[in-house]
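Bear in mind that the values in this text are calculations on the coordinates, not laboratory data. Not measured: the values here are computed from a predicted model. Virtual Cβ from ideal backbone geometry, glycine too; neighbours counted across all protein chains shown.
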């Protein structure tokens, strides 16, 4: 019995150790990248592959999860009876199960995980690239991209967001965050480039 209890404690400690700490000072993208240097490299890789700028990618993550790796929608209750969660969204980018399966199928990556920032940023880039192709929305237009991201491309076409003031406000906040992140990144981005042993100036610029 004691052995089982010790094993459970050790397993819980191991799992908790795999959770990436949530950054403080989330309003400043330079501070976020200072705390999580790898995230800049992941965002840059997504930008190069799919076209969505780093500041837009990170604004999406801030809105969707506040940089929390395992966040989920809250549980719904009827009195004391749990009714399940509002959706199947989970992780940094909050993709639904079905959309995540489509992403993994197209990318051919069965090991991708919604709770890893690298995969979350690649997912957002992938989704926005498809939005750009199907709807013609600029990859620099954070507000409209977010509306299509939240409502789905079909919902965006149908204008479902027009009757949802809460979603419109959220999209405006994403755009405001993206603008702020862009201005901040212009002042600090140079220190996040060429900071790994395998990066050699000027090839990592």
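Remarks
- Output for the range 42-72, where each listed residue is closer than 22 Å to residue 187 by Cβ and assigned to a loop (DSSP other than H, G, I, E, B): 52, 53, 67
- For the range 104-122, the criterion of being part of a helix (DSSP H, G or I), more than 18 Å from the chain's Cα centre (by Cα) and within 24 Å of residue 70 (Cβ to Cβ) is met by at least one residue.
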